[in-house]
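Taken together, the values in this text are just the output of simple stated rules run on the coordinates, not laboratory data. Nothing here was measured: the structure is a model prediction, and the numbers come from that model. Glycine also receives a Cβ, built like all others from the backbone with ideal geometry; neighbour counts cover every protein chain displayed.
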Amino acid sequence: MGGYLHVLNLALRILSFASLVVSIIVFLSATSGNNYDDHAAFMYDDVKNTKFTFNDFFSYRYSVAVDGIGIFYSFLQIVLTMVHGQSEESSEELVKFNLYADEIISVVLGTGAAAGFGLTLDLKHLPCASIIAKSFLSKMLVASSFSLGGFASTAVSSIVSIKIFHKDLDVYC
């Protein structure tokens, strides 16, 4: 029974890693162009020529930082999952680390995705939203979606980890 759970857990960890890498790539590469319409709320030349990046917004910077933490954690868990899958033995420390760290990282990744979605939706509904190119906001929405995918994969993986380590938990708890 444990064999397919190890494979599923590894696949979820790889999916989480890939989603978070794509999210960071989109966050870092997105810039707003000069695609402002002529009816923008601000018609000043200095505002019309302003380019925005993720670094101009605290929520996007938070999302990128959280995604970076998630990438590191996912990579670490991929290695640990491969080692645990081969040895079929685990220590009390590894069991506790997997259970507690998965829950904490899942919540942190969820807050990063929520911050990205929240800011993007708020910016789209501002009266002066035309100063920020719609393509930039669309890219931020895509990046936040990949962050959400990383969160979902990590959350499901934590549930699978509980199933995998259930026997070990009975011994240690």
Using R₀ = 25 Å, calculate the FRET efficiency as 1/(1 + (r/R₀)^6) where r is the Cβ-Cβ separation of residue 96 and residue 159; round to 0.05. 0.90
Looking only at lysines whose Cα falls under 23 Å of residue 51's and that sit 8 or more positions away or on another chain, we get 124, 134, 139
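Calculate the FRET efficiency for residue 28 and residue 5 from the Cβ-Cβ distance with a Förster distance of 35 Å, rounded to the nearest 0.05.
Efficiency, rounded to the nearest 0.05: 0.50.
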